[in-house]
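The values are calculated or read from the model by the stated rules, or taken from the named source; none is laboratory data. Just so it is clear, the structure is predicted and the values come from calculations on it, not from any experiment. Cβ: placed from backbone, ideal geometry, glycine included. Neighbour counts: every protein chain shown.
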Ligand code: RIB
Ligand code: CA
């Protein structure tokens, strides 16, 4: 029985690969819809990029909604320095022809959770948590109806990628992250500690191209573009595929290991705004609220991802 999910996203080349992985896996995943949020680039671009990605997969019927265009309490911080001015730089993709849904993404989240049996819908946020937090604030009744939130965000041993202390998704909207991490909803977190271990090395990029398909070429072109930032900053051997780890977890959870621990969000300090304070060593008596992942079978992840992209 495929798992019903909503992907909340700020494409972003890595978000786009995550969307392709979900669309290529209908046996495991029933994608109910995509809600776009402001993050890597402004909302007008993230909603367009989500539609471009669905068309790369040949799936123009997927429902894409625009959600919040700014964080709850801060002005928007974007990441064109990583993802380019369109947010999906690399290959030239045509403007989408599939429609953007008229409803607000937050209303879609609320309505879908109310219309489906409790405990059957999983939320997969891949960007700042603004849409998810807004839905929880507007409709507190949905919290117990959410099966699980599996998100990409945060860091512990890897510390920050946008500031010395914080990972981008959490940094952009720490107030939203605090609402989600205190919601009581079962949380599974893919932090930089994991995503920095799934790098698109030249051999893995060549495997995408060797698929001989348009989606395979586009995925390689996307990762060829957005690897620059991490190569310069970390000396990485390729782009970290942050967001696809969320979808890979739904398909093959055994690829990942972590700890069920307490994770809280810094919202008051300018210096450490957006830091995920993860009690990895359980030195406090704060109640565990998240399955915080720490390791991944990177080869297993890439063989899954490459095989599935090859199906599109
Ligand atoms: O820090 C990495 C995260 O920020 C990823 O989700 C990437 O797409 C950006 O949103
Ligand atoms: Ca993202």
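Details
- Just so you know, in segment 36-57 the residues that are closer than 17 Å to residue 134 by Cβ and touching a strand residue (DSSP E or B) at 6+ places or on another chain (Cβ under 7 Å) include one that is surrounded by the most Cβ atoms within 10 Å (Cβ to Cβ), and it is 37.
- Taking segment 86-99 as the range and being away from ligand 1 (no atom under 16 Å from the Cβ) and touching a helix residue (DSSP H, G or I) at 6+ places or on another chain (Cβ under 6 Å) as the test, the residues that pass are 91, 93, 96, 98.
- Given (1) surrounded by fewer than 17 Cβ atoms within 10 Å (Cβ to Cβ); (2) farther than 19 Å from residue 150 by Cα, index of the condition residue 226 fails: (1)
- Flag if residue 119 is in contact with a helix residue (DSSP H, G or I) (Cβ under 8 Å, 6 or more places away or on another chain), within 16 Å of ligand 2 (Cβ to nearest atom) and outside any helix (DSSP H, G or I): no
- Of the residues making up segment 217-246, those that are within 14 Å of ligand 1 (Cβ to nearest atom) and touching a strand residue (DSSP E or B) at 6+ places or on another chain (Cβ under 7 Å) are 223, 226, 227, 230, 236, 239, 240, 241, 242, 243, 245, 246.
- Residues in segment 288-312 that are in a helix (DSSP H, G or I) and surrounded by fewer than 16 Cβ atoms within 10 Å (Cβ to Cβ): 4 in all.
- Screening 17, 82 for residues that are within 16 Å of ligand 1 (Cβ to nearest atom), at pLDDT below 95, touching a helix residue (DSSP H, G or I) at 6+ places or on another chain (Cβ under 6 Å) and not in a loop (DSSP other than H, G, I, E, B) leaves exactly one candidate, 82.
- Within segment 242-254, at least one residue is touching a residue at least 40 places away in the same chain (Cβ under 8 Å), within 16 Å of ligand 2 (Cβ to nearest atom), in a loop (DSSP other than H, G, I, E, B) and surrounded by 13 or more Cβ atoms within 10 Å (Cβ to Cβ).
- Single residue of segment 20-48 satisfying the filter (under 17 Å from residue 301 (Cα atoms) and assigned to a helix (DSSP H, G or I)) that is farthest from ligand 1 (Cβ to nearest atom): 23
A quick yes/no check of all residues on (1) surrounded by fewer than 24 Cβ atoms within 10 Å (Cβ to Cβ); (2) in a helix (DSSP H, G or I):
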| residue | (1), (2) |
| --- | --- |
| 197 | yes, no |
| 216 | yes, yes |
| 219 | no, yes |
| 259 | yes, no |
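- Single condition residue 124 does not satisfy, out of (1) assigned to a strand (DSSP E or B); (2) surrounded by fewer than 24 Cβ atoms within 10 Å (Cβ to Cβ); (3) in contact with a helix residue (DSSP H, G or I) (Cβ under 9 Å, 6 or more places away or on another chain): (2)
- Entry remark, segment 8-34: residues being under 13 Å from the mean Cα position of the chain (by Cα) and either farther than 17 Å from residue 88 by Cα or surrounded by fewer than 24 Cβ atoms within 10 Å (Cβ to Cβ) (or both) number 1 in total.
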